Amino acid sequence: MTYEEMLARARSLLRPTERGKFLSYGFVAAVLEGGNGKYYEGVNIDLACGLGFCAERNAASSMVTDGEVRVRRVVCVDAQGRPMPPCGSCREFLLQLSPENARAEFLLGEAPLRTEKLARLLPYPWQEGREGGL
């Protein structure tokens, strides 16, 4: 699947929904390509109590359920369908699943097509700070 196809697939998942003042979902969508070549999808879930999660982690959870922890590529879009980078929590989450995910590519822009590896988005793992700081 090309980045353009992944982008179209992510956009097709967007269904921004507000369910009262304590639940919303579908404002962000993600498609991950696993190391096994399969594609995994997810949307965000926001709960007022803070127990929600991001679209990337939702997709990654399906990937882990399928027995895969490695990520090749990620496309994440906001409510308007624009490519967006992962939040810090998702960056760390994916890196913790496998150190190989440092090479995972994220679509950051579509005109022109622009990608960046997770290692550049999260250049200083917290473990390095424990060894004497940066």
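The values are calculated or read from the model by the stated rules, or taken from the named source; none is laboratory data. Source: prediction; values computed, not measured. A quick note on method: Cβ atoms are made from the backbone with ideal geometry, for glycine too, and the neighbour counts reach across all protein chains shown. Note: areas computed on protein heavy atoms with side chains; ligands, DNA, RNA excluded. Shrake-Rupley method; radii C 1.70, N 1.55, O 1.52, S 1.80 Å.
Net charge dipole, the chain: roughly 140 debye, given to the nearest 20, about the Cα centre with Cβ charges of +1 for Lys and Arg and -1 for Asp and Glu.
With every protein chain in place, what's the accessible area of THR65 (1.4 Å probe, Å², nearest 10)? Here the residue's solvent-accessible area equals roughly 120 Å². Across the chain, Cα-Cα pairs more than 23 Å apart make up 32 percent of the total.
Annotation: per residue accessible area for the chain equals 55 Å², rounded to a whole number [probe 1.4 Å, protein chains only].
Sorting LYS117, LYS21 by solvent-accessible area of protein heavy atoms yields LYS21, LYS117, largest first, with a 1.4 Å probe. For the stretch 45-96, the relative contact order is 31 percent, taking Cα pairs closer than 8 Å that sit 6 or more residues apart in sequence and dividing their mean separation by the residue count.
By accessible area, using a 1.4 Å probe on protein heavy atoms only, the chain has 53% of its surface on carbon and sulfur.
Computed over the stretch 17-57, relative contact order equals 37 percent, with contacts defined as Cα pairs under 8 Å that lie 6+ residues apart.
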